[in-house]
Amino acid sequence: MEMKRMKTMGAALLAVVLASSCSSTKNTLQTSALNGEWNITTVNGKAATAENDPFLGIDLQKKRMYGCAGCNRINASVEVDETKAGQVAFGQVMSTRMLCQDMETETAVLQALNNVSGYKGTEEELTLTDAQGNALLTLSKRPAATLASLEGKWNITKVYGETAESIEKTDKMPFLEFDTEKKTLHGNAGCNIVNGGFEQEKGRSASLKFDKLLSTMMAGPGMTLEGKVLEAMNKVKSFNVKDEHTAVLLDENGEEALTLTKE
């Protein structure tokens with residue numbers, strides 16, 4: 001009788017251990033969940049506010065991280081162990097060298113990234129931690145971009161961070177107008193009318209590549225701006241719609257080639 005009771009207790013204890021183990025595994029966020037673009041919401045417990053929206057993009061297939069620290073564009077390698085969820089580190093973080101009025105957030109973000117060794121959270125909200133498990137950065141997943149969100153007319157307000165007006169003043173507002181159903185494009189690059197199409201990579205809803213661009217051949221004011229706009233358009237690989245009034249077209253490094261504003 002005593003032996004039977006001990007076996008029963010042992011089975012119950014094993015069930016508890018197994019349940020705990022399963023629960024622990026279920027609650028461990030898999031490494032693949034890191035993929036995608038994330039807004040940086042706090043750094044060292046403080047709200048991450050800056051001139052340019054700070055964010056991280058993580059591509060585990062290419063083992064790279066890209067984004068913006070608040071002023072400058074950043075890039076780094078990503079180091080993960082697929083068999084050990086919860087661990088991540090970034091290689092040496094490289095950045096462009098622009099100066100902004102407020103560099104406080106950027107300095108804190110760059111320092112934090114160099115100390116990241118782990119992560120925890122959900123597929124929508126992440127915390128990047130140091131070796132002791134202390135929170136360094138909190139991230140929120142950017143909504144998945146949809147082609148339909150590009151529908152309509154957008155003014156081109158920036159080319160690689162430079163305002164269109166600072167590049168060259170012109171009477172013609174440069175713009176792009178998307179017909180997402182027909183996948184056609186109409187616009188003005190600064191002087192000439194531009195027409196063409198665009199395509200996407202299969203399975204990548206945020207990808208974007210312009211195709212068969214044709215323009216009129218007039219010469220006049222706006223040609224300097226036009227040259228930069230067309231060069232940027234040829235580098236576009238993806239897009240992100242920040243809100244109903246702002247979209248960005250990104251190059252292969254995740255840098256904002258064109259900033260678009262809807263009227």
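Looking at Glu201, Glu263, Glu256 in this structure, which one is of a type in the set (Asp, Glu), at pLDDT below 95 and surrounded by 14 or more Cβ atoms within 10 Å (Cβ to Cβ)? Working first, answer last.
On the way: Glu201 fails: surrounded by 14 or more Cβ atoms within 10 Å (Cβ to Cβ); Glu263 fails: surrounded by 14 or more Cβ atoms within 10 Å (Cβ to Cβ).
Every option except Glu256 fails the conditions.
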Members of segment 221-232 that are closer than 13 Å to Ile167 by Cα, of a type outside the set (Val, Ile, Thr) and either part of a helix (DSSP H, G or I) or open to solvent by less than 50 Å² (accessible area, probe 1.4 Å) (or both)
Gly222, Met223, Leu225, Glu226, Gly227, Lys228
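Would you check if there is a residue in segment 172-180 being in contact (Cβ under 8 Å) with a residue 60 or more places away in the chain and either within 20 Å of Cys68 (Cβ to Cβ) or outside any strand (DSSP E or B) (or both)? Walk me through how you get there before you give the answer.
Going residue by residue through segment 172-180, those that are in contact (Cβ under 8 Å) with a residue 60 or more places away in the chain are 176.
Remaining after also requiring either within 20 Å of Cys68 (Cβ to Cβ) or outside any strand (DSSP E or B) (or both): none.
Looking for residues that are in contact (Cβ under 8 Å) with a residue 60 or more places away in the chain and either within 20 Å of Cys68 (Cβ to Cβ) or outside any strand (DSSP E or B) (or both), one finds none in segment 172-180, hence no.
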Flag for Glu104 being open to solvent by 60 Å² or more (accessible area, probe 1.4 Å) and under 20 Å from Asn240 (Cα atoms):
no
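Out of all the residues in segment 235-249, is one or more assigned to a strand (DSSP E or B), small (Gly, Ala, Ser), touching a helix residue (DSSP H, G or I) at 6+ places or on another chain (Cβ under 7 Å) and under 28 Å from Cys68 (Cα atoms)?
First pass over segment 235-249, keeping only residues assigned to a strand (DSSP E or B): 238-243, 246-249.
Next cut, small (Gly, Ala, Ser) only: 238, 247.
With touching a helix residue (DSSP H, G or I) at 6+ places or on another chain (Cβ under 7 Å) added as a condition, the list becomes 247.
From the residues that got through so far, the ones that are under 28 Å from Cys68 (Cα atoms) too are 247.
Scanning segment 235-249 turns up at least one residue that is assigned to a strand (DSSP E or B), small (Gly, Ala, Ser), touching a helix residue (DSSP H, G or I) at 6+ places or on another chain (Cβ under 7 Å) and under 28 Å from Cys68 (Cα atoms).
Quick grid of which residues meet (1) under 16 Å from the mean Cα position of the chain (by Cα); (2) among the charged types (D, E, K, R); (3) assigned to a strand (DSSP E or B):
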| position | (1), (2), (3) |
| --- | --- |
| Leu56 | yes, no, yes |
| Gln61 | yes, no, no |
| Ser77 | yes, no, yes |
| Glu82 | no, yes, no |
| Ala85 | no, no, no |
| Val88 | no, no, yes |
Out of the residues in segment 86-99 meeting the condition of being touching a Phe, Trp or Tyr at 6+ places or on another chain (Cβ under 9 Å) and open to solvent by less than 50 Å² (accessible area, probe 1.4 Å), tell me which one is farthest from Asp130 (Cα to Cα).
Gly86
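Somewhere in segment 127-149, is a residue closer than 23 Å to Met218 by Cα, modelled with pLDDT under 95, open to solvent by less than 30 Å² (accessible area, probe 1.4 Å) and not acidic (Asp, Glu)? Walk me through how you get there before you give the answer.
Residues of segment 127-149 that are closer than 23 Å to Met218 by Cα, as a first pass: none.
No, segment 127-149 contains no residue that is closer than 23 Å to Met218 by Cα, modelled with pLDDT under 95, open to solvent by less than 30 Å² (accessible area, probe 1.4 Å) and not acidic (Asp, Glu).
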What pairs come up if the first residue lies in segment 51-64 and is closer than 10 Å to Gly254 by Cβ, the second is of a type outside the set (A, V, I, L, M) and not in a strand (DSSP E or B), and their beta carbons are under 6 Å apart, counting only those six or more places apart or on different chains?
Gly57/Gly254
Residue hits (segment 69-117; within 18 Å of Trp38 (Cα to Cα) and among the acidic types (Asp, Glu)) are Glu79, Glu106
For segment 190-220, how many residues are within 20 Å of Leu250 (Cα to Cα) and either among the charged types (D, E, K, R) or part of a loop (DSSP other than H, G, I, E, B) (or both)?
13
Of all residues being at pLDDT 90 or above and under 15 Å from the mean Cα position of the chain (by Cα) in segment 40-53, which is least open to solvent (accessible area, probe 1.4 Å)? Just the residue, please.
Ile40
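The values are calculated or read from the model by the stated rules, or taken from the named source; none is laboratory data. None of these values were measured; they are calculated from a predicted model. For neighbour counting, all protein chains shown are included, and Cβ atoms are generated from backbone atoms with ideal geometry for every residue, glycine included. SASA here: full protein model, heavy atoms, side chains in, ligands and nucleic acids out. Shrake-Rupley method; radii C 1.70, N 1.55, O 1.52, S 1.80 Å.
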